[in-house]
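Q: Below: one structure in structure tokens.
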Amino acid sequence: MLLETGRVVAVEDDSVWVETIRRTTCGTCAAKSGCGHGVMNRISEGHRSLIRALPGKIHPQQCAVDDEVQISIPEEVILRGSVVVYIVPVVSMLALAAAGAALGGDAGSAIGALAGLAAGVGLVRLHANRHRQDDSFQPVLEDILSPSAQAVSLD
């Protein structure tokens, strides 16, 4: 289970919207300068993201705006998503590039590669749209770490 901490920015009947801030541990990694992930994090560190979290151990109505909460998502969802996002476009690009090379040489290979990449990206989008409302793919509320001053004064 992957856990993330964030601040509640909106409460709905069936979910909460949580604002998270991207942080990185690249400063402690030995491959700092040679890693593309480190370069991207230097550009976007501190970037805020809004995530919709569904009920888990905590019901959304127990939360208030500005509460600090912990949300979770199963590791297998991240792993499956990574495979789909990275592998499907590459495999489809290579398959259509090979088919294009067999049919039309270098030009066919290039056209096939572009068509395969586009087809792979299309398949990823189709997969994302198909699972958009699937609760097993959504983050869930785990805990309220620190209630907002508003919630404390109401008790």
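Q: Using the structure shown, decide if residue 65 is over 20 Å from residue 129 (Cβ atoms), among the aliphatic types (A, V, I, L, M), without any contact (Cβ under 8 Å) to a residue 40 or more places away in the chain and surrounded by 12 or more Cβ atoms within 10 Å (Cβ to Cβ).
A: Spelling it out, it is not the case that residue 65 is over 20 Å from residue 129 (Cβ atoms), among the aliphatic types (A, V, I, L, M), without any contact (Cβ under 8 Å) to a residue 40 or more places away in the chain and surrounded by 12 or more Cβ atoms within 10 Å (Cβ to Cβ).
Q: Identify all residues within region 114-155 that are within 23 Å of residue 72 (Cα to Cα), modelled with pLDDT under 90 and acidic (Asp, Glu); write none if there are none.
A: 134, 135, 143
Q: Could you list, in sequence order, the residues of region 79-102 that are more than 30 Å from residue 136 (Cβ to Cβ) and loosely packed, with under 12 Cβ neighbours inside 10 Å?
A: 102
Q: Let me ask another. Only one of (1) touching a Ser or Thr at 6+ places or on another chain (Cβ under 8 Å); (2) within 14 Å of residue 18 (Cβ to Cβ); (3) of a type in the set (A, V, I, L, M, F, W, C) is not met by residue 58, so which one is it?
A: (1)
Q: Every residue in region 20-55 that is at pLDDT 80 or above and either surrounded by 14 or more Cβ atoms within 10 Å (Cβ to Cβ) or farther than 20 Å from residue 65 by Cα (or both), please.
A: Answer for region 20-55, where residues must be at pLDDT 80 or above and either surrounded by 14 or more Cβ atoms within 10 Å (Cβ to Cβ) or farther than 20 Å from residue 65 by Cα (or both): 20, 51, 52, 53, 54, 55.
Q: Criterion first (on the phi < 0 side of the Ramachandran plot and outside any helix (DSSP H, G or I)) does residue 94 satisfy it?
A: no
The values are calculated or read from the model by the stated rules, or taken from the named source; none is laboratory data. In this text, all values refer to a predicted model and were calculated from it rather than measured experimentally. Positions of Cβ are backbone-derived with ideal geometry, glycine not excepted, and every protein chain shown enters the neighbour counts.
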